[in-house]
Amino acid sequence: MASSEQLIEQARRVSAQNYAPLPVVLSRAHGVWAWDTDNRRYLDCLSAYSALSLGHCHPRVIAALAEQAARLTLTSRAFHNDRMGPFLELLCAQCEMDMALPMNTGAEAVETAIKLARKWGYRVKGVPRDEAEIIACRGNFHGRTTTIVGFSSEAAYKDDFGPYAPGFELVDYGDAGQLEAAITPRTAAFLVEPIQAEAGIRVPPAGYLAAARRLCAQHNVLLILDEIQTGLGRTGKFLAHQHERDAKPDVLILGKALGGGVYPVSAVLAGADIMGLLQPGEHGSTFGGNPLAAAVGLASLEAIRDERLADRAAELGDYLFERLRTLAAPAVLEIRGRGLLVGIELAGQRSARDYCTALLERGVLTKDTHDKVIRIAPPLVIEASELDWLVEQLEAVLAH
Ligand code: PXG
């Protein structure tokens, strides 16, 4: 068998270098733990950016996957399948939305929401054809398609990938006044993350989402929430917007954990008055809504509900915050987040990546975001004792 060095070298040779992974080669995992090719054990505190909220190889999800894989995997949407309806029925009920449109990756679901909002703008709001505007936020992360990177504010995500699609305006995240000032009669939607995770776990001021909700209703603008990373229990509520009263979106985007950490499953949810605008032939995906994805999605939603993972994230998140308060103060500038989505912003010169490398050596998997922030986002099935162990490792690396 190839050594980890050989595998890393092979990836360097034949894989596009669009990532800079930490030097560990994982070969198996269960729950919150993963093992490398040398059988060293690591606590996964990244959870594939929330996609592994159920932990690795969750038995219920894997059973659904295996059972469905042996029965029916793909039909295309040219035909019905017997798994999509039950999946979307539970999804809509849990999210309190009328209808859902299943896709695969997060970026595809965001693209879907953009198309839906534009169509609504033309057919319902009466925006002149091809003039619809969508407002998004500086610091956003909604995916990697050419349209989406066009309205990113981050050079690394967008430079050299233009020309960019028109029809997007940016405002400062957390500033409802700027949002109101940016709304015009051509504005179809405001697209926003309840917490900007990729921007460094930025939590908006209390009341921001409810203010956005109010402004959107007042000006006949759709509120689109990208809960791809924050949804499905991660922040201590089933959906992150539920931390605020009256912040329910018109259009909700989910992904990542919806696929139980095993399969790409995303979805856009909306009221029937909005989703009903889409006609046959106007949108789709070969794999979207396939029976394997639906079986996995259904099992994941059931597991998140039955294991009360949102409540767990709330309780364990509080516990973790309490423990993190005792961390070596000079090294830490700020600790922020909600539930089990936590960012530790560092004070000194050393980059967060240095700390993540040191944590890796101590058996903790995590990832820097924006140079100075260490992200802590373990699977929601983690135990308090495992969080204690994590805090010990953090204490050790931050003390140096
Ligand atoms: N919206 C949000 C809020 C996200 O965090 C996406 C959309 C896009 O999802 P897909 O499935 O298209 O990646 C994300 C993804 C990466 C990476 O490796 C992606 C995310 C976070 C960190 C790394 O591209 N978030």
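The values are calculated or read from the model by the stated rules, or taken from the named source; none is laboratory data. Just so it is clear, the model here is predicted, and its values are computed rather than measured. Here the Cβ positions follow ideal geometry from the backbone for every residue, glycine too, while neighbour counts run over all protein chains shown. Areas reflect the complete protein model, heavy atoms only, side chains present, ligands, DNA and RNA absent. Shrake-Rupley method; radii C 1.70, N 1.55, O 1.52, S 1.80 Å.
Among the residues of segment 94-118, the one identified as surrounded by fewer than 21 Cβ atoms within 10 Å (Cβ to Cβ) and assigned to a strand (DSSP E or B) is 99.
Go through segment 355-370 and give me each residue that's over 17 Å from residue 342 (Cβ atoms) and either free of Cβ contacts under 8 Å to residues at least 40 places away in the same chain or not assigned by TED's automatic domain parsing to the domain that holds residue 341 (or both).
Of all residues in segment 355-370, those over 17 Å from residue 342 (Cβ atoms) come to 357-358, 360-363.
Once the filter is applied, which keeps residues that are over 17 Å from residue 342 (Cβ atoms) and either free of Cβ contacts under 8 Å to residues at least 40 places away in the same chain or not assigned by TED's automatic domain parsing to the domain that holds residue 341 (or both), segment 355-370 yields 361, 362.
Quick one: which strands (runs of 3 or more DSSP E) sit completely within segment 1-55 and have at least 2 residues that are of a type in the set (Phe, Trp, Tyr)? Write out each step before concluding.
Details: elements: 26-30, 33-36, 41-44.
Because the criterion is at least 2 residues that are of a type in the set (Phe, Trp, Tyr), the strands (runs of 3 or more DSSP E) in segment 1-55 that meet it are 33-36.
Among residues of segment 66-93 being acidic (Asp, Glu) and part of a helix (DSSP H, G or I), the one that is least open to solvent (accessible area, probe 1.4 Å) is 67.
Take the residues in segment 119-161 that are assigned to a helix (DSSP H, G or I) and closer than 17 Å to residue 277 by Cβ, then tell me which one is most open to solvent (accessible area, probe 1.4 Å). Can you show your working first?
Of the residues in segment 119-161, the ones assigned to a helix (DSSP H, G or I) are 119-125, 146-150, 155-158.
From what's left, closer than 17 Å to residue 277 by Cβ: 119-125.
Numbers: 119: 35, 120: 17, 121: 0, 122: 54, 123: 155, 124: 80, 125: 45 Å².
Checking each candidate, the answer is 123.
The single condition among (1) more than 11 Å from the ligand (Cβ to nearest atom); (2) touching a residue at least 12 places away in the same chain (Cβ under 8 Å); (3) open to solvent by 30 Å² or more (accessible area, probe 1.4 Å) that residue 176 does not satisfy is (3).
Look at residue 212 and say whether it is open to solvent by less than 20 Å² (accessible area, probe 1.4 Å), over 12 Å from the mean Cα position of the chain (by Cα) and over 25 Å from residue 53 (Cα atoms). When the stated conditions are applied, residue 212 passes them. At least 3 residues being open to solvent by less than 10 Å² (accessible area, probe 1.4 Å) and within 16 Å of the ligand (Cβ to nearest atom) is the threshold, and among the strands (runs of 3 or more DSSP E) wholly inside segment 326-400 those reaching it are 341-346, 373-376. Scanning segment 130-154 for residues that are within 14 Å of the ligand (Cβ to nearest atom) and among the hydrophobic types (A, V, I, L, M, F, W, C) gives 136, 137, 141, 148, 149, 151.
Scanning segment 316-325 for residues that are open to solvent by 10 Å² or more (accessible area, probe 1.4 Å) and either in the same structural domain as residue 194 (by TED's automatic domain parsing) or within 21 Å of residue 33 (Cβ to Cβ) (or both) turns up 316, 319, 323. Scan segment 162-173 for residues that are within 14 Å of the ligand (Cβ to nearest atom) and either open to solvent by 30 Å² or more (accessible area, probe 1.4 Å) or part of a strand (DSSP E or B) (or both) and the total you get is 0.
Here residue 36 fulfils each of the conditions (1) in contact with a Phe, Trp or Tyr (Cβ under 8 Å, 6 or more places away or on another chain); (2) within 16 Å of the ligand (Cβ to nearest atom); (3) more than 27 Å from residue 310 (Cα to Cα) apart from (2). Against the test of being in contact with a helix residue (DSSP H, G or I) (Cβ under 8 Å, 6 or more places away or on another chain) and at pLDDT 95 or above, the options 292, 327 yield a single qualifying residue, 292. Of the residues making up segment 244-260, none is among the acidic types (Asp, Glu) and within 29 Å of residue 60 (Cβ to Cβ).
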